[in-house]
Amino acid sequence: RSFEEYVLMFALDEDKLKEGPVLDVGAGASSFVASANERGIRAVAADPLYDLSKEKIAEHGRKEIETSTAKLAGLTGKFDWTYYGDLNKHRDNRERSLELFLQDYDVWLAEGRYTAGRLPRLPFADDSFATVLCSHFLFLYAEQFGYDFHLQAIRELARVCRPGGEVRIYPLIDLKWRPFEQLPELLDDLCRDGFTIHFYESKLPFIPKSRQFLGVRK
């Protein structure tokens, strides 16, 4: 996914992003970090994928685009195409994002812009980032990762977020477009930890029933 998609998806303020470093967790082959740095925003990404070579990531990314495009082709009437226009433009957007990521990854991997890491343990110090983003991982794969994993993962995202900063997570539904059943319990636990919870409206409506994202303030 591209920088522009992230800005809409997470309702981001570009000027505010420049105030402190940004972390994209589970970033995959997104070009958000590459484009953010081009705009003067200090941003880094973490994903287990970065243990692989550029060539392996490229292969993985192209296969994933093929698979997801084929799935979308059978469900086009279910999605909101306001931003993308149509299926071909959606695919073109993902292919451009992948290529931009690969170019940046090749240059900046050794400099620490891309770090191999996975939830619920991230290789960053406490209070390192002003904004922490997690796109299309938590909640989406709720069937594979249960309640305890989600609680530990969000606590970890908050650990690396500095006081006054915010963790933002999108979407809040699983792959079958169902809400996370234990979300109220999860939010209660996070509130008991001392975090402040906010729900925001995403400006990138695409997936059915996915118009909100979660904010966790430290």
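Since every read-out is calculated from the coordinates, none of them should be taken as a lab result. Just so you know, these numbers come straight off a predicted model, no measurement behind them. Every residue, glycine among them, receives a Cβ derived from its backbone with ideal geometry; neighbour counts consider all protein chains shown.
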Taking 37 °C and 0.692 mPa s as the conditions, I'd like the Stokes-Einstein D for segment 1-108 in µm²/s, using the Kirkwood hydrodynamic radius from alpha carbon pairs. 223
Please state the charge dipole magnitude for segment 3-217, taken about the Cα centre, from unit charges on C-beta atoms (+1 on K and R, -1 on D and E), reported in debye and rounded to the nearest 20. 260
What Rg and what Dmax come out for segment 3-217 when only alpha-carbon atoms are used, in angstroms? 16.6, 46
Approximate spin-label separation Thr76-Asp193, in nm, with each point projected 7 Å along Cα-to-Cβ: 4.2
Quick check: pseudo-label points 7 Å beyond the Cα along Cα→Cβ at Phe149 and Leu183, how many nm apart are they? 1.9
Ranked output for segments 144-157, 180-193 by mean other Cβ atoms within 10 Å, highest leading, reads 144-157, 180-193
For Phe129, residues with placed amide H under 5 Å, excluding near neighbours: Cys161, Arg162
Just to be sure I understand: if I project the alpha-carbon convex hull of segment 49-102 onto a plane and average over all orientations, what area do I get in nm²? 3.9
Ordering 63-69, 41-47 by per-residue average of other C-beta atoms within 10 angstrom, highest first, gives 41-47, 63-69
Could you check what % of the DSSP bridge pairs in the chain are antiparallel, to the nearest 5? 45
Shape call, segment 70-151: gyration tensor on alpha carbons, a/c limit 1.5: oblate
Mind listing the long-range amide H neighbours of Gly165? Cut-off is under 5 Å, sequence gap 5 or more, other chains count too, H placed in the peptide plane at 1.01 Å from N. Lys218
May I ask for the equivalent-ellipsoid semi-axes of segment 117-218, computed as the square root of five times each C-alpha gyration tensor eigenvalue and listed largest first in whole Å? 21, 15, 13
As a check on your grasp of the helix formula, calculate [θ] at 222 nm for the chain: sum -39500 (n - 2.57) over DSSP H runs of n ≥ 4, divide by the residue count, round to the nearest 500. -12000 deg cm²/dmol
Compute the distance from the alpha-carbon center of segment 44-96 to that of segment 162-218, in whole Å. 23
Compute the projected area of the convex hull of the Cα atoms of segment 1-63, averaged over all viewing directions, and report it in nm² to one decimal place. 4.4
